[in-house]
Amino acid sequence: MTSISFSELGLTQDLLSAITNMGFENPSPIQQQAIPVLLKGKDIVGQAQTGTGKTAAFGIPLIQSIDPSEKNIQALVVCPTRELAIQVAAELGQLAKTSKSAKMLAVYGGEAISNQIKALK
C-alpha cells in the first residue's frame, strides 16, 4: 500500500493539528482505508492488530462529523469493558482537543451515576 499523509484524507485543519500534536505522521493502513470511506458516511467493518490505530481510524471521521451548532449528543461509542471505554474516550479527547465542537465522556458502571449524568449535561 502506498503511503499517504493525513492531509490527503480530507480532514479539517483542527483535526490535522491534533493529529500532529499527538505525534502521528502518516496514517496506518487501517486509517488509510477506513477514514475516506467513513467520511463519505458509509458503514464499514475493520479488523487490524492491536496498536495499529483502529480508534483513530474510526474516531477521526466521527469527530469531523460533529456539528458544532448542535448541542445534543451526536455520537456514541460502545466498548466491551470499562478500561477500553476510558482508553477510547481519552484518545478521542486528544483528537478533539483542538476542536471546539466535540467533547468526550466515558460512561460506565461502578461509578456514581449522578456524577456521570451531571457530566453529560
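Read-outs throughout are calculated quantities, based only on the coordinates presented, and are distinct from any laboratory measurement. Keep in mind it's a predicted model, so treat the numbers as computed, not measured. For neighbour counting, all protein chains shown are included, and Cβ atoms are generated from backbone atoms with ideal geometry for every residue, glycine included.
Determine, for 114, 5, 99, 17, the number of other Cβ atoms within 10 Å of each Cβ, and report the residues in order from fewest to most. Can you show the working numbers first?
Numbers: 114 8, 5 11, 99 17, 17 14.
With the sparsest Cβ surroundings first, the list reads 114, 5, 17, 99.
Stretched out fully, how many nm does the piece from residue 67 to residue 2 gain, at 0.36 nm a residue minus the Cα gap?
Values: separation 65, 0.36 × 65 = 23.40 nm, distance 3.21 nm.
Once the chain is fully extended between residue 67 and residue 2, it gains 20.2 nm.
So what is the 222 nm mean residue ellipticity for the chain from helices alone, if each DSSP H run of at least 4 adds -39500 (n - 2.57) and you divide by all residues, rounding to the nearest 500 deg cm²/dmol? Could the numbers behind the result be given before it?
Numbers: 5 runs with 53 residues, N = 121.
-13000 deg cm²/dmol, from helical runs alone.
Evaluate E = 1/(1 + (r/R0)^6) for residue 94 and residue 37, where r is the Cβ-Cβ distance and R0 equals 25 Å; express this FRET efficiency to the nearest 0.05.
0.65
Kirkwood Rh and Cα-based Rg: tell me the resulting Rg over Rh for the chain, rounded to two decimals.
Details: Rg = 14.8 Å, Rh = 15.3 Å.
Taking Rh as the inverse mean 1/r over Cα pairs, Rg/Rh reads 0.97.
Using only the Cα atoms of segment 52-121, what semi-axes does the equivalent ellipsoid have when each is the square root of 5 times a gyration tensor eigenvalue? Give whole Å, largest first. If you can, show how the numbers build up before the last one.
Working: eigenvalues 77, 57, 17 Å².
Equivalent ellipsoid semi-axes, largest first: 20, 17, 9 Å.
Trypsin sites (Lys or Arg not before Pro) within segment 69-100: which are DSSP loop residues with at most 10 other Cβ atoms inside 10 Å? Walk me through the intermediate numbers first.
Values: sites: 71, 82, 97, 100; in loops: 71, 97, 100.
Listed in order of number, the matching sites are 71, 100.
In a shell of Cβ-Cβ distance under 13 Å around residue 63, excluding residue 63 itself, what net charge do Lys and Arg (+1) and Asp and Glu (-1) give? Walk me through the intermediate numbers first.
Values: positive: 97, 100, 103; negative: 14, 67, 91.
Net charge in that neighbourhood comes out at 0.
I'd like the distance separating the alpha-carbon centroids of segment 34-57 and segment 1-26, in whole Å.
Rounded to whole Å, the Cα centres lie 14 Å apart.
Which longest uninterrupted range of the chain lacks any GluC sites (Glu not before Pro) assigned by DSSP to a loop state (not H, G, I, E or B) and surrounded by at most 15 other Cβ atoms within 10 Å? Don't jump to the answer; show the numbers that get you there.
Numbers: sites that count: 25, 70, 111.
Longest run free of exposed loop sites: 26-69.
So for segment 15-77, averaging the separation of alpha carbon pairs under 8 Å that are six or more residues apart and normalising by length, what relative contact order in percent results?
Answer for segment 15-77 is 32 percent.
Based on other C-beta atoms within 10 Å, arrange 14, 67 from fewest to most. Don't jump to the answer; show the numbers that get you there.
Details: 14 18, 67 9.
With the sparsest Cβ surroundings first, the list reads 67, 14.
Please order 44, 63 by the number of other Cβ within 10 Å, starting at the fewest. Working shown, then result.
On the way: 44 11, 63 22.
Lowest to highest Cβ neighbour count: 44, 63.
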